[in-house]
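Below is one structure, written out as structure tokens, with a few remarks after it.
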Amino acid sequence: MATILLIEDIDDNATLVKKAVEAKGIDFLWASTGTEGMKIALETIPDLILLDLGLPDIDGQTLSAWIREEKTLWKIPVIVMTAWPENTAKQTVEAYQLDGYISKPFNLKDFWDTVGEFIKA
């Protein structure tokens, strides 16, 4: 079974993603800070990481760079989930060699179109 790790500081957003993911039978992990997210990622090696850029302790760009530098995590797809403007999100994805982005608030079709490229649900 696939596992998705969401690194997101807003409880309501995490609840929505959890419901969507678990409805498809995918394991869901959640971290509300970048530090906790990195710890969980290293302990579990998820199949996909969904990453908010505006975290309370570490910005998402820095965290994504750490993920890409970590040999046990560098092949894991990382998708940015952000309310930032689309052009900023796209620039971040390109600059940090990430795998895509989902705009917030998200709709389920767009969510699964993007996530489905990496996780078969």
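Each reported figure results from applying straightforward, stated rules to the coordinates on display, with no laboratory input. What you see is a predicted model, and the numbers here were worked out from it, not measured in a lab.
Report relative contact order for the range 3-115 in percent, whole number only (criteria: Cα-Cα under 8 Å, sequence separation at least 6). Mind showing how you got there, number by number?
Details: 179 pairs, mean separation 25.0, N = 113.
Rounded, it is 22 percent for the range 3-115.
In deg cm²/dmol and to the nearest 500, what is the mean residue ellipticity at 222 nm of the chain if only DSSP H runs of at least 4 residues count, each as -39500 (n - 2.57), divided by the residue total? It would help to have the intermediate numbers written out before the result.
Numbers: 5 runs with 52 residues, N = 121.
Taking each H run of at least 4 residues, the total per residue is -13000 deg cm²/dmol.
Defining a contact as two alpha carbons under 8 Å apart and six or more residues distant in sequence, what relative contact order in percent does the range 1-53 show?
Details: 74 pairs, mean separation 28.9, N = 53.
Relative contact order of the range 1-53: 54 percent.
With a/c under 1.5 counting as rounded, go ahead and sort the chain into rounded, prolate or oblate using the C-alpha gyration tensor (a ≥ b ≥ c being the square roots of the eigenvalues; past the cut-off, prolate if a/b is larger than b/c, else oblate).
Rounded.
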